[in-house]
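Enquirer: Here it is, the structure, as structure tokens.
What follows draws every value from the coordinates through simple rules; no lab data is involved. As the structure is a computational prediction, the values presented were derived from the model and not from experiment. Here the Cβ positions follow ideal geometry from the backbone for every residue, glycine too, while neighbour counts run over all protein chains shown.
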Amino acid sequence: MRIALERSNRAANAARLIAVSKGHPVSVIEAAYAVGQRDFGENYAQELAQKAAALSHLSDLHWHMIGHLQTNKVRQIAASLQCLHTVDSEKLVSELDKRLRRIRSEVPLRVLLEVNLGEETQKSGVSPDGIDNLVRACNASSMVVLVGLMTIPPQTDDPNEARHYFRRLLQLRDAHGGASALPELSMGMTQDFEEAIAEGATLVRVGTAIFGPRPSKPASLA
Ligand SMILES: *Cc1c(COP(=O)(O)O)cnc(C)c1O
């Protein structure tokens, strides 16, 4: 990551690594924590909630929800979450507003809008046309703080193809207030994080390159 930042002439602290620990046991998270990793990403609310409970003694460990969040799961994770990358509907924003008010008293949650750039119907995320409405909904809530945009490009074996989508996300950010309004760009995974960093990613979500392949069966949480 450091090398990718240098190559792009970006500062060493311009992007933050989120270690995606889904499917791995908490022992693996503890090992990464022991060598200094603090930001972890999970895809499933229940798994995140269980891991957060098991590791609640690590008070400076930051949980990022990077999977689609159903409104009925907000309550499970609202207290432990540092950042939610996948806001994609006004309904979710209003549920967050309501639940967070109760659970987190006055501490707002940092959120990003997940943008579906490939217009893939099977994928979650708001279409580029829907961004304006969601920005307004977030700004109307005192319990969410909108900090940026996130995307998962369509599946491809060619990281250069992903670049096109990363560039598109940057353009959309510029069309919606620029870096001062939306400082964070969450993009890039094991396959394409170097390309994402070259295109301006500030949060990269890397699992396999850090932890190896995910166990095919759900990991025991012990
Ligand atoms: C699983 C996942 C990742 C990490 O994927 P790797 O290819 O293992 O790096 C990143 N982002 C999201 C949204 C994911 O679901």
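Enquirer: By what distance, in whole Å, do the Cα atoms of the stretch 143-222 stretch along each of the three principal axes, largest value first?
Expert: Largest to smallest, the principal-axis extents are 43, 37, 17 Å.
Enquirer: Quick one: length gained pulling Arg75 to Ser180 fully straight, 0.36 nm per residue minus the C-alpha distance?
Expert: Net length gain for the segment: 34.8 nm.
Enquirer: State the dimensionless ratio Rg/Rh of the stretch 112-175 (Rg: radius of gyration of Cα atoms; Rh: Kirkwood radius). Don't skip to the end; give the middle numbers.
Expert: Working: Rg = 12.6 Å, Rh = 12.5 Å.
Dividing the radius of gyration by the Kirkwood radius yields 1.01.
Enquirer: Same structure again: Does a label point 7 Å from the Cα of Gln155, set along Cα-to-beta-carbon, have any residues of the stretch 52-68 with amide nitrogen under 20 Å, and which are they?
Expert: 66-68
Enquirer: Next up: Return the equivalent ellipsoid semi-axes of the stretch 1-111 as a descending list in whole Å, where each equals the square root of 5 times an eigenvalue of the C-alpha gyration tensor.
Expert: Over the Cα atoms of the stretch 1-111, the semi-axes work out to 26, 18, 13 Å.
Enquirer: What percentages, rounded to whole numbers, describe P(r) for the chain computed over all alpha carbon pairs with 5 Å bin width beginning at zero?
Expert: 1, 7, 15, 19, 20, 18, 12, 6, 1, 0
Enquirer: As a test of the formula, what do you get for the chain when each DSSP H run with n ≥ 4 contributes -39,500 (n - 2.57) and the sum is divided by the residue count, at 222 nm and rounded to the nearest 500 deg cm²/dmol?
Expert: Helices in the chain give a 222 nm mean residue ellipticity of -10000 deg cm²/dmol.
Enquirer: Hey, another quick one. How fast does the stretch 56-121 diffuse by Stokes-Einstein, in µm²/s, taking the Kirkwood radius from C-alpha pairs at 37 °C and 0.692 mPa s?
Expert: After rounding, the answer is 260 µm²/s.
Enquirer: Expressed in nm to one decimal, what extension gain is obtained for the pair Ile3 and Glu119 from 0.36 nm per residue of sequence separation less their Cα-Cα distance?
Expert: Extending this stretch completely gives an extra 38.5 nm.
Enquirer: In the chain, how many lysine pairs have Cα atoms under 18 Å apart, counting only pairs 8 or more places apart or on different chains?
Expert: Counting lysine pairs in the chain gives 8.
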